Amino acid sequence: MRCTVKIARWALGAIILASTCGVIALAQQQPAEAPASDRRVQTRPAVTGLHGLVSSGHPIASSAGLQMLLKGGNAFDAAVAVGAAAALGEPEMNGIGGNGFMTIFDKKSGKVMSLAMTGAAPRALKASEMTPATLNAGMLAGIVPGNLGGYLSLLERYGTMSVAEVFAPAIEFAEKGYPIDPMLAQSIDRGKNNLAKYPTTAKIFLPGGQPLKEGDLLRNPDYAATLRKMVEAERQARARNASRSAAIQAAFDRFYRGDIAQEFDRFFRENGGVLSAADLAAYEPQWTEPLHTTYRGYEVYSNPATSRGGFEVLMQANLVEGFDMKSFGAGSPRALHAMIEAIKIAKADIYQYVADPKFTVIPTAGMLAKPYAASRRALIDPARAGAYPQAGTPSGRQTSAGQQADARAFPERYDVEQHTTSFSIVDGSGNAIGVTPTLGGLFGNNVVVGSTGLLLNNGMRLGSTSPYPDNVNYVGGGKIPILNNSPVVVLKDGKLAFVFGSPGGETIGQTEFQVLVNLIDFELPVQQAVEAPRFSLDADPNFYKPGAAITVSIESRTPATTLAALRAMGHKLDVQQGWGSIGHMQAIRIDPKTGAMTAGADPRRTGYAMGY
């Protein structure tokens, strides 16, 4: 055991040192090098590994996953450890009280699966009594926590380790604390007015009434206690000679049907909320077949509804498959124009048809059909920007969504939130997983639930739900709001090729689509594919409305000639300085010839890749 700990510490130290030295070396070399218009500079080296790689949104989360791999765990064990620790590294972005999606590749079976970790709105919620403010934050905004149940379901089905082992790093960080980074400090300061409204939240992020600052220790002993309760449930079950599977189920039941659920019930009942123990008891993670398409000989997989991001990635890929993207060139006006127009067309369909499948019939096969993509591709003018179109007519669509009896319209304009994280993991056996968990808005519903230490996803916020009563995604009791979360797994000839995912709210499917094209069409190395200049589309008033005015936010690192050409085509651009804030990609590539693994981590936030 002592030897393992020394190896782990050496591995982490070596990776951090190598990355730091790599940045310094680049900074020293660049002034001496002759300028080259096509030179693509990386801010950090890609990370390679023989036995496993973890690329996540924060170093402490990556380190938690690496610890599991070093102890002999697989990618799925590591994913649970990362998810539990990510709640501390990026608590404004995600947590086990949030919701999310996984896409996994199980090497043994050769199958790709999707897991929806998505809880529903409380059944007692009345849409007619909600306002934009109560949908967004506070006691009425939170929905059933899904991530915890998803992590335990993954551990039981595909993992090898115990709840105690995978939760250990997060428990230690929560109890002892860690010095927070500038990004989290800025988020706490930005959200301090909302955080201060709730004593249970303020005691964590505003101790003594002041927001934590960079370098201050973030502790959350209540979160550690919640994790320990589930570890205790597992140990008690094992003491009764329960199987590993039954012991993990005991941990699940303590959260969703035991004293933790009762604490949820008490807290919301006493503070004017409607989320109940019965809502938690009704939750089950959903394993399903993923969405699938082919793209230039690759098999591309992502998540179905209640994610819209998986539809976006696959539909956009189908649309541009009809263009010779490689000949256009990476970052060229023609390539960017084709992708921008594909995003418009895909979103028009998705915002019309995708919602909780318990409440509507989604024409999935029709939306992903290659002939349908060919018909919609005809809308793309290769020389001019098109308007945001009406939805198409894929086979299997419903003719009418119907209006809710107690419904009223909400404001058409709303803030687009991007507070999510993502992580990608591959182990030495070839298993892979992409996970994108979220709290929705900044710090989710902003309310830490009683003594649990948990924030919830404010899933009912506008955007995740539609402002229009006749839309299939209008808010409703018991309905699961739509997320964009959609990690991607790509196979080539049945072998793992890529796994990647990104946060970014409305930009998630757009970012993943761009990285897919970077990796396959332009054959960029993984870190360059992650760091390449990026863009995203925004709609005024929103993407639910055909004819909405489209603005393309684009990073200023895009060549000036390309920006000028896009404007000449009629695109309205909002140029973001430097790296902008478009997504936060974590990606792993597996060389088809050698099997070598290479991970890229996005410098736009606090992403970090580690491996051994």
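The values are calculated or read from the model by the stated rules, or taken from the named source; none is laboratory data. Just so we're clear, the structure is a prediction, and the values are computed from it rather than from any experiment. Please note: Cβ atoms are built from the backbone with ideal geometry, for glycine as well, and neighbour counts cover all protein chains shown. All accessible areas refer to the heavy atoms of the entire protein, side chains included, with ligands and DNA or RNA removed. Shrake-Rupley method; radii C 1.70, N 1.55, O 1.52, S 1.80 Å.
General remarks:
- Histogram of C-alpha separations across the stretch 193-350, 10 Å bin width, %: 9, 19, 19, 21, 22, 9, 0
- With contacts taken as Cα pairs under 8 Å and at least 6 residues apart, the chain reaches a relative contact order of 23 percent.
- With 0.36 nm allotted per residue and the present C-alpha distance subtracted, the Ala239-Thr594 stretch has 123.3 nm of extension available.
- Structural descriptor for the stretch 421-512: relative contact order 27 percent, calculated from alpha carbon pairs under 8 angstrom and at least 6 residues apart.
- Cα-based shape type of the stretch 393-506, given that a ≥ b ≥ c are square roots of the gyration tensor eigenvalues and the cut on a/c is 1.5: oblate
- For the stretch 262-345: rounded, prolate or oblate by the Cα gyration tensor [a/c cutoff 1.5]: prolate
- For Phe410, the solvent-accessible surface computed with a 1.4 Å probe is close to 10 Å², ligands and nucleic acids excluded.
- Partner lysines for Lys111 [C-alpha distance under 26 Å; skip if fewer than 8 residues away on the same chain]: Lys71, Lys358, Lys370, Lys492, Lys495, Lys593
- At q = 0.23, 0.29 Å⁻¹, base-10 log of I(q)/I(0) for the stretch 467-530 (Debye sum, equal scatterers on each alpha carbon): -0.97, -1.27
- Of the residues Leu66, Ser422, Tyr283, the one whose Cα sits farthest towards the positive end of the charge dipole of the chain is Leu66 (charges of +1 on Lys and Arg Cβ, -1 on Asp and Glu Cβ, taken about the Cα centre).
- Mean separation of Cα contacts under 8 Å (6+ apart) over length of the stretch 310-454, as relative contact order %: 20
- For the stretch 214-254, the calculated P(r), taken from all Cα-Cα distances in 10 Å bins from zero up to the bin holding the longest distance, is 32, 35, 18, 11, 3 percent.
- Solvent-accessible area per residue, Å², over the chain with all protein chains present [probe radius 1.4 Å]: 37
- The Cα atoms of the stretch 161-224 give a gyration tensor whose axes a ≥ b ≥ c have a/c of 1.5 or more with a/b greater than b/c, which makes the shape prolate.
- Packing-based ranking, highest mean first, of 507-513, 45-51, 194-200, 423-429 given that Cβ atoms within 10 Å are counted: 507-513, 423-429, 45-51, 194-200
- Rounded to the nearest 10 square angstrom, Tyr612 shows an accessible area of 80 square angstrom against a 1.4 Å probe.
- Percent accessible area from carbon and sulfur atoms, the chain, protein chains only, probe 1.4 Å: 53
- Lys344, Lys229, reordered so the largest accessible area comes first (probe 1.4 Å): Lys229, Lys344
- Accessible surface of Met610 - all protein chains present, 1.4 Å probe, nearest 10 Å²: 10
- Where the Cα pairs of the stretch 122-270 fall when distances are cut into 5 Å bins, in %: 2, 8, 14, 16, 16, 16, 14, 9, 4, 1, 0
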